[in-house]
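Novice: Next up is a structure, given as structure tokens.
The values are calculated or read from the model by the stated rules, or taken from the named source; none is laboratory data. Keep in mind that what you see is a predicted model, and the values were worked out from it rather than measured. These accessible areas exclude ligands, DNA and RNA; they are computed on the full protein's heavy atoms, side chains included. Shrake-Rupley method; radii C 1.70, N 1.55, O 1.52, S 1.80 Å.
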Amino acid sequence: MTTRSDAALIAKTYFNDPVGYVRTILRADPDEWQADVLRDIATNQRVAVASGHGIGKTAEIAWIIRRSLSRRTPKTNSTRKHGANWRSGTSKR
């Protein structure tokens with residue numbers, strides 16, 4: 001299990017190195033065009049890729065999403081109602 005300090009270290013180490021993140025953390029070996037897209041997405045919010053079927057676009061998107069999520073600070077928000085009012089259904093709104 002990754003701790004908060006581990007996650008912070010990973011985010012700091014690979015903030016500007018998406019290819020390193022994919023190779024080291026995800027243990028995947030991107031093709032050269034995938035590495036180019038990863039580098040482009042690190043500096044641009046929008047990148048277009050035109051290509052054929054089955055060459056790895058979905059894997060590329062998964063890597064980008066995973067890296068993006070790993071750069072965020074984990075937070076927990078609770079909206080659950082507690083106590084007897086929740087069980088009886090008489091909570092105030």
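Novice: Does Ala11 satisfy being farther than 15 Å from Ile65 by Cα, modelled with pLDDT under 85 and of a type in the set (Gly, Ala, Ser)?
Specialist: For Ala11, the condition - farther than 15 Å from Ile65 by Cα, modelled with pLDDT under 85 and of a type in the set (Gly, Ala, Ser) - is not met.
Novice: Does Thr24 satisfy being within 18 Å of Ser70 (Cα to Cα), open to solvent by 70 Å² or more (accessible area, probe 1.4 Å) and modelled with pLDDT under 90?
Specialist: No.
Novice: Looking at (1) open to solvent by 90 Å² or more (accessible area, probe 1.4 Å); (2) at pLDDT below 85, can you tell me which one Thr58 breaks?
Specialist: Against the list (1) open to solvent by 90 Å² or more (accessible area, probe 1.4 Å); (2) at pLDDT below 85, Thr58 comes up short only on (2).
Novice: Sticking with this one: Can you pull out the residues in the range 27-54 that are open to solvent by less than 50 Å² (accessible area, probe 1.4 Å) and either outside any helix (DSSP H, G or I) or charged (D, E, K, R) (or both)?
Specialist: Ala28, Pro30, Gly52, listed by residue number.
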